[in-house]
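The values are calculated or read from the model by the stated rules, or taken from the named source; none is laboratory data. Nothing here was measured: the structure is a model prediction, and the numbers come from that model. Quick reminder, even Gly has a Cβ in these numbers, built from the backbone with ideal geometry, and neighbours come from all protein chains shown.
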Amino acid sequence: MRFGIHNPSFVFGSDPAEAFEGIKGKAQWAENHGFTWFSVMDHLIQIPPVGAADEPFIEGWTVLSALAAVTSRIRLATLASSVAYRNPAHLAKIAAGVDLISRGRLTLGIGAGWFDTEYRQYGWEFPERPAVRIRQLEEAVKLIKAMWSERRTSFHGRYFHVEDAILEPKPARRPPVMIAGGGEQLTLRVVARLGDACNVFGDPAEVGRKFEILRRHCEAEGSRYDAIERTNTLSLMLARDEAALAAKRIRLGVSGPFRGFAGTMSQVRDLIGRYGDAGVQLFICSAYKNDAETLELLASDVIPHMA
């Protein structure tokens, strides 16, 4: 199994002006401590489970372009870009630029979108029916792939249109497309048709069940299940023992149930092992409130035993 870090928060200390320095240091540390992936959220405001809506938050593609220039090996990604936030042809251009800056280390993570509050704040239309957003997602991925491969692209879809569009320079190799979401009837079918990778949430049993559904979609679509990278993302809060974990809960202000997994080294190794048994190939972890110790424990006490 390989390991990645997802960055859901741009709060690094008390000075918002230091946000990029914080995430730069985190990505460079990850690159040097056994992690193969570093992703950022593509939102304009913080999402409810993670923090306050008005806390400092940097736009995702801005961050990735900067990280591409200050890292050299780790794969960089959005997890995930909402299909509605940019014209897909424009997103194809942005992603191609980041891929060139990083010398081929970009994965385009894209999803159907869900955060209606953010849509309203920034003036985007929010289709209430998930099926509409998923159809937009599928059409957008088709357009993006065409922009990356065709000399000039004309595309006349139900939702998106371009005419004789030029995208130069193109990526040296087409970036992988990760489709985020575990919807069993629609989203996982889009993964089977168009995805190079998927990202699903849930406990190991649920994740394993969704992978089996993905396998069946691949069989129906005539695509290769084994060619799709299977990933899972989980928020973690780790400590060496129960006493240290209890103290950390108090320090980080966790009074009730933890949204994610809070545990000790033996507990998290057991959990990650069960994700591996379920078929997860890349385990992407986010450290609650940028808790450095959680990532350090993963690097020192988990990755050497399980990578």
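Enumerate the pairs (first residue in segment 109-133 and farther than 13 Å from HIS43 by Cα; second residue anywhere and among the small types (Gly, Ala, Ser) and exposed (fewer than 12 other Cβ atoms within 10 Å of the Cβ)) with beta-carbon separation below 6 Å, excluding pairs fewer than 6 apart on the same chain, so at least 6 apart or on different chains.
none
Suppose we keep only residues that are free of Cβ contacts under 8 Å to residues at least 12 places away in the same chain and among the small types (Gly, Ala, Ser) within segment 138-172. Which one would you say is surrounded by the fewest Cβ atoms within 10 Å (Cβ to Cβ)?
Among those residues, the one meeting the criterion is SER154.
Identify, please: which residue in segment 132-150 is among the charged types (D, E, K, R) and in contact with a Gly (Cβ under 8 Å, 6 or more places away or on another chain) and is, among those, nearest to PRO176 (Cα to Cα)?
Taking segment 132-150 first, the residues among the charged types (D, E, K, R) are 133, 135, 138-139, 142, 145, 150.
Filter again for in contact with a Gly (Cβ under 8 Å, 6 or more places away or on another chain), leaving 133, 139, 142.
Values: ARG133: 21, GLU139: 16, LYS142: 13 Å.
Residue satisfying both the conditions and the ranking: LYS142.
Residues of segment 87-137 being among the basic types (Lys, Arg) and surrounded by fewer than 18 Cβ atoms within 10 Å (Cβ to Cβ), which ones? Show your work before the answer.
Initial filter on segment 87-137 (among the basic types (Lys, Arg)): 93, 103, 105, 120, 129, 133, 135.
ARG103, ARG120, ARG129, listed by residue number.
Out of all the residues in segment 69-83, which are outside any strand (DSSP E or B), closer than 15 Å to ASN7 by Cβ and not β-branched (Val, Ile, Thr)?
Initially, segment 69-83 is screened for residues outside any strand (DSSP E or B), giving 69-74, 79-80, 83.
So of that shortlist, the ones also closer than 15 Å to ASN7 by Cβ come out as 70-71, 74, 79-80.
Within segment 69-83, LEU79, ALA80 qualify.
Which residue out of PRO171, PRO176 is over 20 Å from GLY276 (Cα atoms) and under 18 Å from the mean Cα position of the chain (by Cα)?
Working: PRO171 fails: under 18 Å from the mean Cα position of the chain (by Cα).
Just one listed residue meets the conditions, PRO176.
Look at segment 255-298 and say how many of its residues are β-branched (Val, Ile, Thr) and without any contact (Cβ under 8 Å) to a residue 40 or more places away in the chain. Give the derivation first.
Of all residues in segment 255-298, those β-branched (Val, Ile, Thr) come to 264, 268, 272, 280, 284, 294.
Pick out the ones that are also without any contact (Cβ under 8 Å) to a residue 40 or more places away in the chain and you get 264, 268.
Residues in segment 255-298 being β-branched (Val, Ile, Thr) and without any contact (Cβ under 8 Å) to a residue 40 or more places away in the chain: 2 in total.
List, please: which pairs have Cβ atoms under 7 Å, are six or more places apart or on different chains, and start with a residue in segment 173-187 that is over 13 Å from ALA92 (Cα atoms) and end with one that is of a type outside the set (A, V, I, L, M, F, W, C) and in a loop (DSSP other than H, G, I, E, B)?
Cβ pairs passing all conditions: ARG173/GLY104; MET178/GLY195; MET178/ASP196; ILE179/GLY195; GLY182/GLY202; THR187/GLY181.
Could you check, for segment 205-215, whether at least one of its residues is surrounded by 20 or more Cβ atoms within 10 Å (Cβ to Cβ), within 30 Å of ARG151 (Cα to Cα) and either small (Gly, Ala, Ser) or in contact with a Cys (Cβ under 8 Å, 6 or more places away or on another chain) (or both)?
No, that holds for no residue.
Please enumerate the residues belonging to segment 45-57 that are under 18 Å from the mean Cα position of the chain (by Cα) and surrounded by fewer than 17 Cβ atoms within 10 Å (Cβ to Cβ).
Filtering segment 45-57 down to residues under 18 Å from the mean Cα position of the chain (by Cα) leaves 45-51, 57.
Once the filter is applied, which keeps residues that are under 18 Å from the mean Cα position of the chain (by Cα) and surrounded by fewer than 17 Cβ atoms within 10 Å (Cβ to Cβ), segment 45-57 yields ILE45, ILE47, PRO48, PRO49.
Looking at segment 108-134, which of its residues are in contact with a helix residue (DSSP H, G or I) (Cβ under 9 Å, 6 or more places away or on another chain) and among the charged types (D, E, K, R)? Talk me through it step by step, then tell me what you get.
Going residue by residue through segment 108-134, those that are in contact with a helix residue (DSSP H, G or I) (Cβ under 9 Å, 6 or more places away or on another chain) are 108, 110-114, 124-128, 130, 134.
Listed by number, the residues that qualify are GLU125, GLU128.
Which residues, counting only those in segment 1-35, are part of a loop (DSSP other than H, G, I, E, B) and surrounded by fewer than 16 Cβ atoms within 10 Å (Cβ to Cβ)?
If we filter segment 1-35 for residues that are part of a loop (DSSP other than H, G, I, E, B), which is where we start, we get 1, 8-15, 32-35.
Correct list: MET1, GLY13, SER14, ASP15, ASN32, HIS33, GLY34.
What are the pairs with Cβ atoms under 8 angstrom where one residue, in segment 95-108, is over 13 Å from THR78 (Cα atoms) and the other, located anywhere, is at pLDDT 95 or above and in a strand (DSSP E or B)? Sequence gap at least six, or different chains.
From residues that are over 13 Å from THR78 (Cα atoms), the pairs are SER102/LEU76.
Any idea which of ALA52, ALA66, ALA89 is modelled with pLDDT of 95 or more and either part of a loop (DSSP other than H, G, I, E, B) or over 25 Å from HIS161 (Cα atoms) (or both)?
Numbers: ALA52 fails: modelled with pLDDT of 95 or more; ALA89 fails: either part of a loop (DSSP other than H, G, I, E, B) or over 25 Å from HIS161 (Cα atoms) (or both).
Result: ALA66 is the single residue among ALA52, ALA66, ALA89 that is modelled with pLDDT of 95 or more and either part of a loop (DSSP other than H, G, I, E, B) or over 25 Å from HIS161 (Cα atoms) (or both).
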